[in-house]
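To start, the structure itself, in C-alpha cells.
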Amino acid sequence: MESQQMNLDVISNNLANVNTTGFKKSKIEFQDLLYQTIRSPGAEQGNGAQLPTGLEVGHGSRAVATSRVFTEGELSQTGERLDVAIQGDGFFQVTMPDGTLAYTRDGSLKTASDGRITTSDGLPVGNGFQPIPVGTTQVTISANGNVTTTGANGTQTSQVTLTRFANPAGLQSIGRNLYLETPASGTAETGNPDENGFGSLQQGYVEMSNVKVVEEMVNMIVAQRAYEVNSKAVQASDEMMQQANNLRH
C-alpha cells in the first residue's frame, strides 16, 4: 500500500507539470521483497525423490527507483526570438548562484539588463551564448547553433554548443527545470548542435512536457485499484484471524 501511495505521488507530479516547458516525466519502478522459503525447490524427499517446485511466500513489493523518461516532447511555436527548442539529444548549461553547473531542456531564454542570455529565473546560460548588444534588431539562431545578431553595431556571429550525458536518467532533479550531474549520469560532453548525434536547435519554438494526460490518468486508476485491493487483502486477513479467534471447541 505504501508503494502504491508513492506511485500515485509520482503520477500526480507528472500531471502537475503537464504544461511545464521541457519537463520530463518520471516512472516508478518496483521490486518484490524477500521470500519466506518453507521448502526449497530441488530439495530431496525422504524416498529419494526431488521436489520439482518449492514452497515460498512473498512479502510484498517496494519502490526502488523513479526514473526520468527523456523522450522528446512536442514543439510549440511561440515566435519569440530567444525561445529555442532542442530537437534531439542535449541540454543547455546553466550557472547557479554558487558557481556550480546545472543543465536544462527549458529553452525559454531571456535577456538580462546587460544583454546576457539567462533562464526565466535569471540564471546565466553558458554553451557559448554571447550577450546581445544594445540596439540589436534581429537575432537568428540556426539549427547548427550559429547565432547572428544584426543591429546598429553591424552583424556579429557566434557559435553555441550543447551538453549531453551518457545516462541522462542518472541526472539529479533539483526543480526549476534544472538537473545536476551525478556519477550515475556520466561526465558532461559538449558538442555542436546537429553534429555527432547532438540535437538541432529550433528558434521560435519551445519543447513542451512529454507527459501524456490520458496515459497518466490510466496509471492513476491502476494505482488506485492496486491500493484498494491491497487494503482488501489486509481486511480479509483480519477477518480470518477474527474467525479463528472465535472458534469454539
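The values are calculated or read from the model by the stated rules, or taken from the named source; none is laboratory data. Since this is a predicted model, take the numbers as computed values, not measurements. As a convention, Cβ positions derive from the backbone with ideal geometry for all residues, glycine included, and neighbour counts pool all protein chains shown. The protein model used for the area step is the full one, side chains on, heavy atoms only, and it has no ligands, DNA or RNA in it. Shrake-Rupley method; radii C 1.70, N 1.55, O 1.52, S 1.80 Å.
Computed with every protein chain present, the accessible area of Tyr103 is close to 10 Å² [probe 1.4 Å].
Report the per residue volume, in Å³, of the convex hull enclosing the C-alpha atoms of region 190-249.
Cα-based convex hull of region 190-249, divided per residue, equals 152 Å³.
Put Val18, Val84 in order of accessible area, highest first, and with a 1.4 Å probe you get Val18, Val84. Helix 2-16 and the long axis of the chain differ in direction by around 20°, with both axes built from C-alpha atoms.
Accessible surface computed residue by residue for the chain, with neighbouring protein chains in place and a 1.4 Å probe, gives 58 Å² per residue. Peptides 53-65, 190-202, 209-221, ordered by how many other C-beta atoms sit within 10 Å of their residues on average, highest first, read 190-202, 209-221, 53-65.
Shown for the chain: the carbon plus sulfur share of the solvent-accessible area, taken with all protein chains present and a 1.4 angstrom probe, equals 50%. Shown here for region 89-183: trypsin sites (Lys or Arg not before Pro) in loop regions (DSSP other than H, G, I, E, B) with at most 11 other Cβ atoms within 10 Å, of which there are none. Of the listed values [x] 23.2; [y] 21.6; [z] 17.7, identify the label whose number matches mean projected area of the Cα convex hull in nm² calculated from this model. Given [x] 23.2; [y] 21.6; [z] 17.7, the structure-derived one carries the label [y].
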